[in-house]
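What follows is calculated from the coordinates using simple rules that are stated; it is not laboratory data. Remember, predicted model here, so these are calculated numbers, not experimental data. Methodologically, a virtual Cβ is constructed for each residue, glycine included, from the backbone with ideal geometry; neighbour enumeration extends over all protein chains shown.
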C-alpha cells in the first residue's frame, strides 16, 4: 500500500499586506493512513509572482488520521 498525504485546505492570498511578519498564507495537510508519515525535507513552492520555496523541517511528522 502506498501512503498518501492529502492537501486538505489552502489559503493562497488572503486580504492584506504581504509583509514577511504578517503573511497569513497556509496549507493544511491530512494523513489518512494507519501510520505516521515523516514529511521532513518536503518542499512547498509558489511560482505565482515571486517564487518562494519553503522546506518542512526534518523530523516533522503527521500522525495517523490527523
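If you rank 29, 34 by fewest surrounding Cβ atoms within 10 Å, what's the result? Walk me through the numbers on the way to the answer.
On the way: 29 17, 34 9.
Listing 29, 34 from fewest to most nearby Cβ atoms yields 34, 29.
Using the Cβ-Cβ distance between residue 51 and residue 24 with R0 = 22 Å, the FRET efficiency computed as 1/(1 + (r/R0)^6) comes to roughly 0.70.
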